[in-house]
Amino acid sequence: MKKNIPDSGKNNLITAVVADKEGKIIELEGYAAVGMAGSSFVPLSTGNTIDMPYGGEFMFLPDRSPVVFNLKTNRPETLKENPYSPGEPVFPVAAFNSPGYVISLVSAYREKEAARQLPLFSYGALGWHEGGFRTAVILVDREKRQDLRRMPREKITAGIRAMKKKLPHNRLLDHIENCALKYGCPAAKNFFLRRYEAPLPTSKSCNAACMGCISLQTDSGIRNSQERISFTPSPEEIAEIALEHIRKVKRSVVSFGQGCEGDPLLAAHVIEPAIKLIRSETGSGTINMNTNGSLPEIMERLFDAGLDSIRISMNSVRKECYDAYFRPKGYVFSDIIKSIDRALERKIFVSINYLNCPGFTDSPEEVDALVAFIKERPVNFIQWRNLNFDPLRYWKVMSGVTAMSAPVGISEMLSMIRKEFPDLKHGYFNPPKEKF
Ligand code: SF4
C-alpha cells in the first residue's frame, strides 16, 4: 500500500465504518475512515467530507477488505477481520450518492482473490462523525430536480392515470410509466409530476459498447441495471409526449438519450420528424439530446430540424482513454470532435456529460488534457457525473493506456477549471434554454 496519506490539518478525522457479513454497518472506534483515488489513500476528515446528502444509499462491497487508518499506529491497514471481534469478517461500505453531488474519493478497499466485478454504481468514500454519516462529495448542482422527497408515489400514480386518459394509445407513455414505477427513474417520475425534464427514449441500438453501459452488458459478467426500450416509437408518439410536457411545464426540457436506450443518433429516422412535428406546434421548451455524438452529419440534420442542445458523454477528452471505455464500433473519436465543433459553429448549446472517477479524472494528465480541450472548444457546460463502474477495474484499464500520476484532487481540479474558464457553467442537469 502506498503510504501517501497526507496530514488532515486542523480538520477532525472521521471514524471508519465497515459492514459485517449480514451487511450491518459497524463503527470502528480507533480507526479513521479512508478514501482512495488511484494509488493514493486519503484519510477522511471533516474537511474533505460533508454530511451524507439525503437520498444516498449504502453499498456493501463483497469479495473485498476495507482499508482503514489505525490511529494508534498511525498507519493504514487492510482489515481482514473485525479487530474487536477476531474471526468475524468485515467488508467495505460505500455511498451511492444523490444526483447533484460528485464524488471526490472512492471507498478504500483491497480486492480478495477471485473478486467479482462490482455492479454498475459509484462507490463514494464513507465514514461516521458525531452521530451521522459523512461522505466525500462536492455539490455541483443545487437544483432539487431529482430530490426523492419531492416524488411521492401517490402523486406519480395520479399523474400516470391522468396521462393515460389523455394519450390512451401511446406506447412510449407505457414505456415511461414502466421506467417510473419499475426502475424508479427520476426523469420519468418528473414527467408524470409535470415538471423539469421529460425523457424521450427511442433507440434500440448503439454503435458503442461502453464498459459501464447500464442498458446492455454482454461480456462483463455484470448485469445492466435497466432494460433497453424494445420498440421504436413513431414520430407522432414522441411528439405527443414532448408536447404534453412543453405545454404544461415552464422552462421545460425534453430529452432524447436516456438510460433505458441505446444512442438516439441511431433512431434519427424517427427523431428528426418528431422534432419537426414539435417545432411545427411550438417554439417553447428545450429539445435536448444526450448522446455519444458519434454521427456528425446526422447531428446536423437534427440541428436543422430544431434541436436546441446536446450533451455529449465522455469519460476523457483523450482518444486512447475514450476508446478504452467507450469501445466505439461504428465511429471514431474524431467524429465526436466534429459533432462538437459543428454544434458550436451553429450556436447549439453544448454540454459534456463528464464521467468522473477520482484518481483518473483528477490525474494531472487528464486535467491538462481537459483544460487544453476547453481552450480549443469552448463548450458551454460540464455536467459532472459519477462514473458507475468498479473503480479498481476502471483504473486498471486506464493505466493500461495512459500514465496516471498522483491525483490533484477533485476539489482542486474544479477550482482550477472554474478559474481558468469563468464563463463555463458547471452542474448536473440539462438546463432549459432560458438558462443558456
Ligand atoms: S453510448 Fe450509451 S447506450 Fe451506447 S454503449 Fe455507451 S452507455 Fe450504452
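Laboratory data are not the source of any read-out in this text; all were calculated from the coordinates shown. As the structure is a computational prediction, the values presented were derived from the model and not from experiment. Don't worry about glycine lacking a Cβ; one is built from the backbone with ideal geometry, like all the others, and counts go over all protein chains shown.
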### Query
How large is ³J(HN,Hα), in whole Hz, for each residue of the stretch 296-313 in order, when computed from phi with the Karplus curve 6.51 cos²θ - 1.76 cosθ + 1.60 and θ = phi - 60°, using x for Gly and Pro?
x, 5, 5, 4, 5, 4, 6, 4, 4, 6, x, 5, 9, 8, 10, 10, 9, 7
#### Entry: Packing-based exposure ordering (other Cβ within 10 Å, fewest first) of 54, 123
54, 123
### Message
Angle check, please: helix 268-281 long axis (alpha carbons) against the longest principal axis of the chain (alpha carbons), in degrees 0 to 90, nearest 10.
### Response
60
### Query
Add -39500 (n - 2.57) for each DSSP H run of 4 or more in the chain, then divide by its residues: what number comes out at 222 nm, to the nearest 500 deg cm²/dmol?
-8500 deg cm²/dmol
### Task
Could you give log10 I(q)/I(0) at q = 0.13, 0.14 Å⁻¹ for the chain, computed by the Debye formula over C-alpha point scatterers of equal weight, without solvent?
-1.16, -1.31
### Message
Percent of Cα-Cα pairs more than 14 Å apart in the stretch 374-436, please.
### Response
70
### Query
How about the chain: what cysteines have no other cysteine beta carbon under 4.7 Å from their own?
206, 260, 321, 357
### Principal axis box of the stretch 270-412, alpha-carbon based, largest edge first, Å
53, 32, 26
## Note on the structure
If amide H atoms are modeled at 1.01 Å from N in the peptide plane, then the residues at a separation of 5 or more from residue 290, or on another chain, having amide H under 5 Å from its own are 256, 257, 311
#### Entry: Size of electric dipole in the stretch 293-436: Cβ of Lys, Arg +1 and of Asp, Glu -1, about Cα centre, debye, nearest 20
260
### Query
Which of these, 340, 103, 156, has the largest mean-square fluctuation under a Gaussian network model of the chain (Cα springs below 10 Å)?
156
### Message
Quick check: pseudo-label points 7 Å beyond the Cα along Cα→Cβ at residue 247 and residue 20, how many nm apart are they?
### Response
5.9
### Query
Taking θ as phi - 60°, what are the ³J(HN,Hα) couplings along the stretch 324-333 by the Karplus curve (6.51, -1.76, 1.60), each to the nearest whole Hz, with x for Gly and Pro?
5, 8, 7, 6, x, 10, x, 6, 10, 3
### Query
What percent do you get for the relative contact order of the stretch 346-408 when only Cα pairs under 8 Å and 6+ apart count?
54
### Query
Reachable lysines from residue 24, Cα under 27 Å, same-chain residues fewer than 8 places away excluded?
72, 80, 112, 182
### Task
Starting at the first residue of the stretch 88-105, write each ³J(HN,Hα) from the Karplus equation 6.51 cos²θ - 1.76 cosθ + 1.60 with θ = phi - 60°, in whole Hz, x for Gly and Pro.
8, x, 10, 10, x, 10, 9, 10, 9, 8, 5, x, x, 10, 10, 7, 10, 8
#### Entry: Residues with amide H under 5 Å from that of residue 193, placed H, sequence gap 5 or more
none
